[in-house]
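Asks: Take a look at this one; I'll ask things after.
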Amino acid sequence: MSSPLIDHTAPPVRALVLHPDRSGGRPGGRRPHDRLDEAVGLAQALDLDVRGQEVIALRRTTPATLFGSGKVDEMAALVRAAEAEVVVIDDALTPVQQRNLEKAWEAKVIDRTGLILEIFGRRARTREGRLQVELARLEYERSRLVRTWTHLERQRGGTGSTGGPGETQIELDRRLIADRIVKLKGDLQDVRRTRGLHRIQRKKVPFPTVALVGYTNAGKSTLFNHLTGAEVMAKDLLFATLDPTQRLIRLPQGRSALIADTVGFISDLPHELVESFRATLEEVAEADLILHVRDISSPETDAEAKDVEAVLARITPGEGEDDGTLQVRTLEVWNKIDCLDPETHAAMVTRAGTEGAVAVSALTGEGLEALRQAIAERIDTDPEIHLTLEPQDGEALAWLYEHGRITERTEDASGRLKISVRLSEPALGRYQRLFTPS
């Protein structure tokens, strides 16, 4: 249905990246140049050849072009100087603004939402991922038909003897898009039902679930690979991975868990993507533990954390979850401590311990054993019982090793074992029936 915004088979496209600064110099929030750097990173993730970048102060918006006429003319000179074929606006544009800027600058204009959708479209590999991206893209392009197609002025011939103008091409395209959206939503509803069935099956197996979330490029996939031995694509690139991946990990004291690597979040994540990826993000809402991975070396780490928390708040309502429970189920992982200088590194490790976080380096492996221990402690809610076994109770001991997790074992001079073991309530009941004298 939709034509790509950028021809992926062509040589790198020359681009100019502009960030409209709405802060007006007010303190707080993100620094404009950091936002611009992120926008440049998004453009480079799409293999655009960024020839220029600029922060533009935006005191008030102009309905027709976003910027004032003088600024539009000034930017037109920049576009010509950079020989830019594409201008990336790190903001949301209306269809009218997008169309008018393209006419004024004689270049293709992509706003932040269109850029992120384009990246997601390139990264999606699974059928589910492609369905979700296509739905988000169609929702976005439904209001941009005039800009996307050049043939919309045509009209089809009428039917019957009366002739008449018939259905305009834009009306036909809108109807076709609406029909396709309905079909995609039905397909994704099937995906949601399938995921629900998988969750029911997983709950029959005593494996708790852990979900990795975090700002894009926080190092989630590298951490996932270290914890599981998997080979998920991990690069210093925004949205390097998109499709979720699950693996089984072994934790201290023999406990196993399912861990899922999810799509990275970003500030101003398009609403269309959050809605389209709801089926995938339900895995986060249903997880027993959420690992919030943060790039602690980033100067914007606190703002990025707030952006992740904002997206989590958007996906959990309606899933039987409240904010208090979500916070209890979240463990912060402060990644990339290897990028800090020695003094800051030591201070950050100490601070993480006092704030209930875990400081790690997914690249070097530092802190990963502490993270495994922290995960085990957070998901291990089975009660711990203390038993004394006689030397002849070998069958009971073997049963405990098979069905529980031995946390402590000592032997006295007479050969009796004192054992601390974690058992689920059903397992404890079976043990008492099998080995406790009535």
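The values are calculated or read from the model by the stated rules, or taken from the named source; none is laboratory data. Fair warning: this is a prediction, and the values are worked out from it, not measured in the lab. In this analysis, Cβ positions are derived from the backbone assuming ideal geometry, glycine residues included, and neighbour counts consider all displayed protein chains. These accessible areas exclude ligands, DNA and RNA; they are computed on the full protein's heavy atoms, side chains included. Shrake-Rupley method; radii C 1.70, N 1.55, O 1.52, S 1.80 Å.
Asks: Quick check on my filter: what residues within segment 325-335 are open to solvent by less than 40 Å² (accessible area, probe 1.4 Å), modelled with pLDDT under 95 and of a type outside the set (A, V, I, L, M)? Even if it seems obvious, please write down each step before you answer.
Replies: First pass over segment 325-335, keeping only residues open to solvent by less than 40 Å² (accessible area, probe 1.4 Å): 326, 329-331, 333-335.
From what is left, the residues that are modelled with pLDDT under 95 are 326, 329-331.
Passing the criteria: Arg329, Thr330.
Asks: Right, next: Looking for something closer than 13 Å to Thr262 by Cβ, within 10 Å of the chain's Cα centre (by Cα), modelled with pLDDT of 60 or more and open to solvent by less than 50 Å² (accessible area, probe 1.4 Å) - is there at least one such residue anywhere in segment 222-233?
Replies: Checked segment 222-233: no residue is closer than 13 Å to Thr262 by Cβ, within 10 Å of the chain's Cα centre (by Cα), modelled with pLDDT of 60 or more and open to solvent by less than 50 Å² (accessible area, probe 1.4 Å).
Asks: Are there any pairs, at least 6 apart or on different chains, whose C-beta atoms fall under 7 Å, with the first in segment 118-140 and closer than 13 Å to Asp187 by Cα and open to solvent by 50 Å² or more (accessible area, probe 1.4 Å) and the second of a type outside the set (Gly, Ala, Ser) and modelled with pLDDT of 85 or more, and if so, which?
Replies: So the pair list comes out as Glu134/Leu184.
Asks: Also: When segment 395-426 is examined, which residues are found to be in a helix (DSSP H, G or I) and either loosely packed, with under 11 Cβ neighbours inside 10 Å or acidic (Asp, Glu) (or both)? Show your work before the answer.
Replies: Quick first cut of segment 395-426, residues in a helix (DSSP H, G or I) only: 395-403, 425-426.
Correct list: Glu395, Ala398, Glu402, Glu425, Pro426.
Asks: Using the structure shown, decide if Arg405 is of a type in the set (Lys, Arg) and either in contact with a Ser or Thr (Cβ under 8 Å, 6 or more places away or on another chain) or closer than 13 Å to Asp382 by Cβ (or both).
Replies: Criteria met by Arg405.
Asks: What are the residues in segment 76-88 that are touching a helix residue (DSSP H, G or I) at 6+ places or on another chain (Cβ under 7 Å) and closer than 25 Å to Ile266 by Cβ, if any?
Replies: Scanning segment 76-88 gives Val87, Val88.
Asks: Which of (1) farther than 26 Å from Asp268 by Cβ; (2) modelled with pLDDT of 65 or more; (3) in contact with a helix residue (DSSP H, G or I) (Cβ under 7 Å, 6 or more places away or on another chain); (4) of a type in the set (A, V, I, L, M, F, W, C) does Ile119 not meet, given it meets every other one?
Replies: So Ile119 meets the others, but not (1).
Asks: Would you mention how many residues in segment 327-358 are in contact (Cβ under 8 Å) with a residue 12 or more places away in the chain, over 21 Å from the mean Cα position of the chain (by Cα), outside any loop (DSSP other than H, G, I, E, B) and farther than 14 Å from Ala374 by Cα?
Replies: 5
Asks: Which residue, of Ala362, Ala376, is outside any loop (DSSP other than H, G, I, E, B), within 22 Å of Arg250 (Cα to Cα) and touching a helix residue (DSSP H, G or I) at 6+ places or on another chain (Cβ under 7 Å)?
Replies: Numbers: Ala362 fails: outside any loop (DSSP other than H, G, I, E, B).
Unique residue meeting the criteria: Ala376.
Asks: Follow-up question, since we're still on this one. Just to be sure, is Arg430 free of Cβ contacts under 8 Å to residues at least 40 places away in the same chain, open to solvent by 30 Å² or more (accessible area, probe 1.4 Å), outside any loop (DSSP other than H, G, I, E, B) and basic (Lys, Arg)?
Replies: Judged against the criteria, Arg430 is a match.
Asks: Do any residues in segment 295-306 that are polar (S, T, N, Q) have Cβ atoms under 8 Å from those of residues that are part of a helix (DSSP H, G or I), where the two are at least six apart or on different chains, and which pairs are they?
Replies: Listed by first residue and then by second, the contacts come to Ser297/Ile337; Ser297/Cys339; Ser298/Glu304.
Asks: For segment 385-430, which residues satisfy the criterion of being in contact with a strand residue (DSSP E or B) (Cβ under 8 Å, 6 or more places away or on another chain) and polar (S, T, N, Q)?
Replies: Within segment 385-430, Thr388, Thr407, Thr410, Ser420 meet the criteria.
Asks: Shifting gears a bit: Just to check your reading of the model, which residue among Ser420, Ser424, Ser414, Ser361 is more than 45 Å from the chain's Cα centre (by Cα) and hydroxyl-bearing (Ser, Thr, Tyr)?
Replies: Ser414
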